[in-house]
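> After the C-alpha cells below, expect a handful of questions from me.
No value in this document is a laboratory result; all are computed from the given coordinates. The shown structure was predicted, so the numbers you read here are calculated from the model rather than taken from an experiment. FYI the Cβ positions are ideal-geometry reconstructions off the backbone, even for glycines, and counts take in every protein chain you see.
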Amino acid sequence: MKKNTLVVNGSPHGKKGVTYMLQRQFVRGAENAGAEVDEVFLNKKKISPCLGCFTCWIQTPGNCVIRDDQAELLEKLLWADIFVLATPVYVDGITGQSKVFLDRTVPLLKPEITFREDHCRHPSRRNKASKFAVISNCGFHEVDNFDSLVMHCRKFCLNMNAEYAGHLLRPHGPVLRYPEMMAGEIKKVLEAAEKAGEELVRQGRISHASMEAVSAEIVPKRAYVEAANFFWRQELEKIGQ
Ligand SMILES: Cc1cc2nc3c(=O)[nH]c(=O)nc-3n(C[C@H](O)[C@H](O)[C@H](O)COP(=O)(O)O)c2cc1C
C-alpha cells in the first residue's frame, strides 16, 4: 500500500529556499520508494495564530473556530502515514510560520491528560500512528544549532501519536546555493537527502549514515565565516553603507 506522505514547508522562501533544495531530493527518494507525497508551502497559505480559546476541545471537538487554510491541513494530517516538517532555523527554533501551523494542530488532541513515557500528554484524535521527520538548514556553521529545534520536534511527536523517525539537518546551508564552489561535497549531501527519503518510506527510519552525510562539513568553519562576512560587507557597500 502507498504511504501517504505530507511535507509541510515553513520557510518564507518556499520553493526558492535552501530548505526546499533538501526537501526536493527527499521527496524524489520517497516517491522512488512508492510514497504518495503531498507538499504544502505555508508561504502560500493563510493561517492565523491560535486564539487559545479551546473551543476545538469543548464546543466543536476537533474543529477550530478560525476559518482559514488550516482546516485542509488538519484533514491531511489525519491521514498521513508520514509527516515531514521542512523549516529553516529561525532564532534557534522553527520559523514563526511553522510554529503557528503546529499550534493550530491542537484540535487534533483531546482535552484529557494521560501519561506517555511517564509524562503528561494529551491523547490524539488521529487513529493512525505516523512517522515524523524534520528537514532543516541553518546559517551558522555548527550542527548543534539544531539542538533546540530537534528537541521541540521530538516533544511534538509525543502528543501527536507520531514516532520521531529521523532528520535532515544541514548546517552552513546557504553554501548549497553555490554548487560551482563545492560541487562534490554538495552532490553527496543531496544524494544522502534522496536516500533518506527512500529509507523513511521503505524502513520507517532515516539511517544514521544518511543523517550524518546530510550534516557533513562542506566548508571549514573559518573559511565559511570569512566568505559570509565578505558577502554581507558587499551587500552593505551596494547601498553605500
Ligand atoms: C529571522 C531569522 C533568524 C535566523 N536565525 C538563525 C539562527 O538562530 N541560527 C542559524 O544558524 N541561522 C539562523 N538564520 C539563518 C537561516 O536559517 C538561513 O538563512 C537558512 O538558509 C534559510 O533557509 P531557507 O532558504 O529555506 O529559508 C536566521 C535567518 C532569519 C531570517
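> Using amide H atoms built in the peptide plane, which far-off residues or other-chain residues are under 5 Å from R170 H to H?
S136, N137, C138
> Give me the base-10 log of I(q)/I(0) for the range 95-182 at each q in 0.12, 0.18, 0.22 Å⁻¹, Debye formula, one uniform scatterer per Cα, rounded to two decimals.
-0.47, -0.87, -1.13
> Still on this structure, I have one more. How big is the range 4-238 along each principal axis, measuring the range of its Cα positions in Å and listing the largest first?
Between the extreme Cα coordinates on each principal axis of the range 4-238 lie 56, 42, 33 Å.
> Could you work out which residue, out of F146, F156, F230, moves most in a Gaussian network model of the chain, that is, has the largest mean-square fluctuation with Cα springs under 10 Å?
F230
> Quick one: if you stick a label point 7 Å off each Cα along the C-beta vector at K110 and K187, how many nm between them?
Reported label-point gap for K110 and K187 is 5.3 nm.
> Moving on to the next point. Please state, rounded to one decimal and in Å, the Kirkwood hydrodynamic radius that the range 1-112 gives when every pair of distinct Cα atoms enters the mean of 1/r.
14.9 Å
> So what is the 222 nm mean residue ellipticity for the chain from helices alone, if each DSSP H run of at least 4 adds -39500 (n - 2.57) and you divide by all residues, rounding to the nearest 500 deg cm²/dmol? Could you put the intermediate results ahead of the total?
Details: 7 runs with 93 residues, N = 241.
About -12500 deg cm²/dmol.
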